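Each remark here refers to the structure printed beneath this line.
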Amino acid sequence: MSNETPKEVALLIKRCPNPQATAYWEEFKVPYYPKMNVVSALMEIQKNPINARGESATPVAWDCNCLEEVCGACTMLINGRVRQACSTLVDMLSQPIRLAPLSKFSLVRDLVVDRQVMFTNLRKVKAWIEIDGTYDMGPGPNISQKVQEQAYELSKCMTCGSCLEVCPNVNSKSKFIGPAAIAQVELMNSHPIGAQQKEARLQALMGEGGIAECGNAQNCVKACPKNIPLTRSIARLNRATTVQGLKNWLNR
Amino acid sequence: MNRKVIVVGGGLAGLMSTIQLAERGQKVDLFSLVPCKRSHSVCAQGGINAAVNTKGEGDSTWEHFDDTIYGGDFLANQPPVKAMIEAAPKIIYLMDRMGVTFNRTPEGFLDVRRLGGAKYSRTVFAGATTGQQLIYALDEQVRRYEDAGLVQRYEEWEFLSLVLDNEGRCRGITVQSLTSLEIEAFAADAVILATGGPGMIFGRSTNSTINTGFAAASAFMQGATYANGEFIQIHPSAIPGRDKLRLMSESIRGEGGRVWVYKDGKPWYFLEEWYPAYGNMVPRDIATRAIFKVCVDLKLGIGGENKVYLDISHLDPHEIDRKLAGVVDIYEKFVGDDPRKVPMQTFPAVHYSMGGLWVDYDQMTNIPGLFAAGECEYQYHGANRLGGNSLVAAIYAGMVAGPKALEYVKGLAKSHSDLPVGLFDEAKAKEEAKKTAIFALQGKENPYRLHQELGNWMLENVTIVRYNDRLRKTDEKIQELMERYQNIGVGSGAAWGNQVVPFTRRLWGMLTLARVITLGALRRDESRGAHYKPDFPERDDENWLKTTKAEYSANDILFSYEPVDISYIKPRKRRYDVAKEVTMQNEQ
Amino acid sequence: MIGTFFWRRLHSLSGIIPIGVFLAEHMFINSLALKGKSSFNQGVALLHSIPYLFAVELVVIFLPLLFHAFYGLWLVYLTKNNVLPYTYFRNWLFYLQRVTALITLLFVGWHVWVLRFSSGLTAGNAFSVVAHALHSPAVMVLYIIGLLATFGHFTNGLWSFLVTWGITVGERAQRVAAYVCIVVFLVFTVVGLNALGAFI
């Protein structure tokens, strides 16, 4: 392998210095290495910020952190589709590789966007378990393997924003909180202690921007890099909110 | 009295510190380089140790304590380690109540598995992404306190420096928004640093890119003592990448994975042969040195490289999915082979720093009012950390640091609000000047390439096997890099969203800590835990059963040593070819 | 409190009950044309004999239809479709649901205006009025397009209704429901087009 003359990788990057500026595309060429990922290509640009025309370029801003697809930071549009730059190998892509920032979040610079809204959404749906305190209360509840296995799937959500990016009902016109936060409600509601605040979370989901804004395009479940069964969570909570809605109406 | 505590760092230790403070009604400002959910704690895979004894093996906190001290080659002060180990089961129960999706036994109790350096199954786990699940649970609890108005989060703000009053007490911090690059000073009565490890000093490691150790380095340059810096853990199994060395959890061996290479055309399970008592479950420093010996000395690595097979192809695929989900996926995604069918190829990589900021048993550094918790401090692992102990140490340190910081704050005569505003203005102006100076750097050196050069030198000379002449040369090299640093060019990018300027600042911190690590290693003429010198192959308790303490002075680093508290377990020879009981008898 | 949740669920429901039920009933009456002119006219006569006809029409048909149509337009506006980068099957159906919504709205509006309000249709002349209206081939083609859009919109809406109300939860249940909805679509298409042909 090492005897081969290294090929080049061409990248076309959507540049934008700040949210007010107009975006433009800039091409870069970096050396190719076997099994290299998009992050490695971006790192090459850091070390040599010269564009394809040989001009010195302002260094490209992009997010990354864990580089092993558990932190969610490096999510971006790669050849038009949402992916993590760390787990996307150059070999799988047609060139020039087009990199653009996520389109459903506010831009910071170049490929960096602000995803705070996702954390705000988690707050809206009360995605936490209300324990009495951190003092010693003895062992926690007994939980079956089956319940744990289902909950584990949901607990892998790294708030990367892929599901929001692909959801046609998440956009600047709508208030939809998106699938990620909804699945977290199911996770919290499936825990024996968390279930005690089940109603409060369902009520939150029935509010503005909540679960009813889902239009069943089901892109989320296809795009989720962690294979979280998002549409199953949504459907289960559809049922739970239906029941809750009837209760709200009939039990008064 | 108006009281305020600042926590820097949104990983396990920082979040737990925050929860402890908020639970006691204390308002907290929480600063994190990245959104807390993206902190490096997410990368922890194998699990969290506690002697919960749900397998009827007769495990106890004493066994766990002894394994930890023994595994750490007796360098850790024993009282805080003992307290941590005793708290560990309660921590697991707490995390379980918070909703962490720990794997279960068929009856629904906490499942446990074995990790290296232990004869008992005492690692509780959530698939092979335990750190991720733990930090999410703590993040959720902090969100709850945020909702209640007790916590104010500042995510994507970077810690720059401490604000010290004229008594030398820590009274706040300066921080920078990583979006606008604006600098602010925040006042407080106590500061807890929970800023993680410095793995990026080695260029590529299993660490996240944020783990530059800058916050600890900055505190060090302002007078905080740094302890045991030379103790850097090299994990035996990772997969190489140009951007990162991806960890392949020790739990793979814990669930039955076997390490081998071809010898005379047949698989040779060298760990099982050399260490019959522990086999593949030897601690990390032992496994890593064995792999080094096989690959470098015996030249038996796969394809002549520093690589060995890590094999789980004989295990039940369903069990693999249930217990090793996460790591197996990573291997498949980045390498392309299915570990259920083909043996993995792994090699050692820099993983963890046992050393860090010196703290007392209350987690307070030598600077009054400055506390440290998690990987950025040195307290719990001695010369080598056992797998599964980092998560418990991070959470436990937070459980100590929070309440102790509050205790300290309550004992203060003056509140931060009584201090002159000038103190904070001055600190801010100092950082503004530094920022201007970095923007003014328009030389020829590229900061990322300088970083790569540093990493290559550190990796080559300050990891598994260390020689004094090479360590000396490395220190000279680092000083050369520090000179070339003045000739860096940060480019013409505007301040908004600029990433080169903050990186360049962190690089100075990395260079400084690299010297602490290298010089500490140079001075310690013995072999202990992760620190191994072929020229001094034995542990030397007479001269070196001591904590290394580095202090920053002008442009130099001063070293001193303090004895280790061994009040519970008498040091004995550490060996894994025989059971621990044998080593105890030998001492008697 | 009546909020988005209520209106969204009502929107989903209204497409099935009463609108979907009415659609089925409509196709049934249309099919009477297969048995001859007088059968169809008798069917129309039966409908016209319903007491409080206008009130019933208003409550059971027109108000739900208007609500479903106008709230639906709002939902179409709220969507940002992305079938080009994300060519998943469900995404296409999601997009087509909105396309067929617009076609159905135009078609039904036109159909109701022409045949219900401006043709002077009575029980006596029903068959010939309809046959006259469908006389031109262009109208026929538009009717076929309109009917297919309507049936597609209804049956895909039925699938979506089952998910939205939490009736089909699991992946398998949703898949089976999809097959059932395809069958429903085919039945409507056969019945609807067959009836249409009876007027030629």
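The values are calculated or read from the model by the stated rules, or taken from the named source; none is laboratory data. Owing to the predicted nature of the structure, the values given are computational and were not obtained by experimental measurement. Using ideal geometry, Cβ is built from the backbone for each residue, glycine included, and neighbour counts are taken over all protein chains shown. The protein model used for the area step is the full one, side chains on, heavy atoms only, and it has no ligands, DNA or RNA in it. Shrake-Rupley method; radii C 1.70, N 1.55, O 1.52, S 1.80 Å.
Taking 0.36 nm per residue of sequence separation and removing the Cα-Cα distance, the C:Leu102/C:Ile50 pair yields an extension gain of 15.6 nm. Protein heavy-atom accessible surface, 1.4 Å probe, per residue over segment C:6-158: 53 Å². Would you pull out the residues with amide H under 5 Å of B:Ile488's amide H, same chain only if 5 or more places away, H placed 1.01 Å from N? Distant-sequence amide H within range of B:Ile488: B:Gly443, B:Glu445. In segment B:428-458, whose amide N lies under 20 Å from the spot 7 Å out along Cα-to-Cβ of B:Glu182? List them in ranges. Zone members listed by number: B:428-437, B:439.
If you place +1 on the Cβ of every Lys and Arg, -1 on the Cβ of every Asp and Glu, and leave all else neutral, what size is the dipole of segment A:114-189 about its Cα centre, to the nearest 20 Debye?
Working: 8 positive and 8 negative charges, 83 e Å.
Here the size comes out at about 400 debye.
Once you place label points 7 Å from the Cα toward the Cβ at B:Glu57 and C:Tyr88, how far apart are they in nm? If labels sit at B:Glu57 and C:Tyr88, their model points lie 4.2 nm apart. Using C-alpha pairs under 8 Å with a sequence gap of at least 6, the mean separation divided by the residue count of segment B:83-226 gives a relative contact order of 12 percent.
Relative to the current alpha-carbon distance between A:Val147 and A:Arg239, full extension at 0.36 nm per residue lengthens the span by 31.3 nm. In this calculation the C-beta distance from A:Thr22 to B:Lys266 is compared with R0 = 60 Å, giving a FRET efficiency of 0.40. Averaged per residue, segment B:424-563 has 45 square angstrom of accessible surface, using a 1.4 angstrom probe with ligands and nucleic acids left out. Here the extension length gained between B:Thr583 and B:Lys299 equals 99.1 nm, from 0.36 nm per residue of separation less the Cα-Cα distance.
A dipole drawn for segment B:143-199 from +1 and -1 charges on Cβ atoms has a positive end, and of B:Ile173, B:Ser161, B:Gly197 the residue lying farthest that way is B:Gly197.
Over chain C, DSSP H runs of length four or greater, each weighted -39,500 (n - 2.57), average out per residue to a 222 nm ellipticity of -24000 deg cm²/dmol. Couplings 3J(HN,Hα) for segment B:376-381, derived from phi with the Karplus relation 6.51 cos²θ - 1.76 cosθ + 1.60 (θ = phi - 60°), are 6, 10, 10, 6, 10, 10 Hz, where x marks Gly and Pro.
Counts of other chain beta carbons within 10 angstrom of each beta carbon in peptide A:135-148 average 6. Residue by residue along C:86-92, Cβ atoms of other protein chains within 10 Å of the local Cβ number 5 on average.
The charge dipole of segment C:4-198, taken about its Cα centre with unit charges on the Cβ of Lys, Arg, Asp and Glu (plus for the first two, minus for the last two), comes to roughly 320 debye. With respect to chain B, whose longest principal axis is taken over its alpha-carbon atoms, helix B:500-523 is tilted by about 60°.
Sequence-distant contacts, meaning Cα pairs under 8 Å at least 6 residues apart, place the relative contact order of segment A:8-114 at 32 percent. Need one word for segment A:8-114: rounded, prolate or oblate. Basis is the Cα gyration tensor (sqrt eigenvalues a ≥ b ≥ c); a/c below 1.5 gives rounded, then a/b vs b/c decides. Judged from the Cα gyration tensor, segment A:8-114 comes out oblate (a/c at least 1.5, b/c at or above a/b).
Summed over both chains, the accessible area lost when A and C associate is about 2800 Å², using a 1.4 Å probe. Over all projection directions, the Cα-based convex hull of the protein assembly as shown averages an area of 47.8 nm². Taking a ≥ b ≥ c as the square roots of the Cα gyration tensor eigenvalues, with a/c under 1.5 meaning rounded and otherwise prolate when a/b beats b/c, else oblate, which class fits segment B:394-522? Because a/c hits 1.5 or more and a/b fails to exceed b/c, segment B:394-522 counts as oblate. Buried accessible surface for the B/A pair, both sides summed and rounded to the nearest 100, is 6200 Å² with a 1.4 Å probe. Each stretch of four or more DSSP H residues adds -39500 (n - 2.57); spread over every residue of chain B, this sum gives -11500 deg cm²/dmol at 222 nm.
When the trypsin sites (Lys or Arg not before Pro) in segment B:294-340 are filtered for DSSP coil states and for at most 13 other beta-carbon atoms within 10 Å of their beta-carbon, the remaining sites are B:Lys299. Applying 1/(1 + (r/R0)^6) with R0 = 60 Å to the Cβ-Cβ distance of B:Arg575 and B:Lys414 gives a FRET efficiency near 0.65. Separation of segment B:1-43 and segment A:1-74, taken as the distance between their Cα centroids, equals 33 angstrom. Positive-end ranking of B:Phe559, B:Tyr485, B:Ile464 along the dipole of segment B:424-563, with charges on Cβ about the Cα centre, is headed by B:Tyr485. Going down the list B:Lys27/B:Lys410; B:Lys37/B:Lys549; B:Lys477/B:Lys533; A:Lys126/B:Lys404, which pairs span over 25 Å between their C-alpha atoms? Long pairs (Cα-Cα over 25 Å): B:Lys37/B:Lys549; A:Lys126/B:Lys404. Distance between the 7 Å Cα→Cβ label points at C:Asn81 and A:Met137: 5.0 nm. The HN-Hα couplings worked out from phi for segment A:44-55 by the Karplus form 6.51 cos²θ - 1.76 cosθ + 1.60 (θ = phi - 60°) are 4, 5, 4, 6, 8, x, 10, 7, 5, 8, x, 8 Hz, whole numbers, x standing for Gly and Pro. Here segment A:104-180 and segment B:350-367 have alpha carbon centers that stand 33 Å from each other. Of the solvent-accessible surface of chain C, computed with a 1.4 Å probe over protein heavy atoms with every protein chain present, carbon and sulfur atoms account for 78 percent. Positive end of the dipole of chain A, charges at C-beta (+1 Lys, Arg; -1 Asp, Glu), about the Cα centre: which of A:Trp249, A:Ile193, A:Gln20 has its Cα farthest in that direction? So the residue we want is A:Trp249.
Restriction of the GluC sites (Glu not before Pro) in segment B:536-588 to DSSP coil positions whose beta-carbon has at most 13 other beta-carbons within 10 angstrom yields B:Glu538. Couplings 3J(HN,Hα) for segment A:111-120, derived from phi with the Karplus relation 6.51 cos²θ - 1.76 cosθ + 1.60 (θ = phi - 60°), are 9, 8, 10, 9, 9, 4, 3, 5, 6, 4 Hz, where x marks Gly and Pro.
Only lysine pairs 8 or more places apart, or on different chains, with alpha-carbon atoms under 24 angstrom apart are counted in segment B:237-348, and they number 18. Computed with a 1.4 Å probe over protein heavy atoms only, the accessible surface of segment A:8-114 comes to 36 Å² per residue. Annotation note: GluC sites (Glu not before Pro) in segment B:98-148 located in DSSP loop regions with a Cβ neighbour count of at most 16 within 10 Å are B:Glu107. Compared with the dominant Cα axis of chain A, that is its longest principal axis, helix A:179-189 is turned about 40°.
From the square roots a ≥ b ≥ c of the eigenvalues of the alpha-carbon gyration tensor of chain A, which class results: rounded (a/c under 1.5), prolate (a/b over b/c), or oblate? Prolate, because a/c is 1.5 or more and a/b exceeds b/c.
When shorter helices are ignored and each DSSP H run of at least 4 residues is given -39500 (n - 2.57), the per-residue value for chain A at 222 nm works out to -9500 deg cm²/dmol.
Placing +1 on the Cβ of every Lys and Arg and -1 on the Cβ of every Asp and Glu, with no other charges, gives segment B:424-563 a dipole of roughly 480 debye about its Cα centre.
Peptide A:237-245 has a mean of 4 when you count, residue by residue, the C-beta atoms of other protein chains within 10 Å of its C-beta.
The distance from the alpha carbon centre of segment B:533-556 to that of segment B:282-332 is 31 Å, rounded to a whole number. Measure off, as a whole percent, the carbon and sulfur share of the 1.4 Å-probe accessible area of segment B:424-563, all protein chains present. Percent of accessible area from carbon and sulfur atoms in segment B:424-563: 49. For segment B:330-401, the fraction of 1.4 Å probe accessible surface lying on carbon and sulfur atoms is 55 percent.
Any idea what the relative contact order of segment B:22-114 is, in percent, if you count C-alpha pairs under 8 Å spaced at least 6 apart? Computed over segment B:22-114, the figure is 24 percent.
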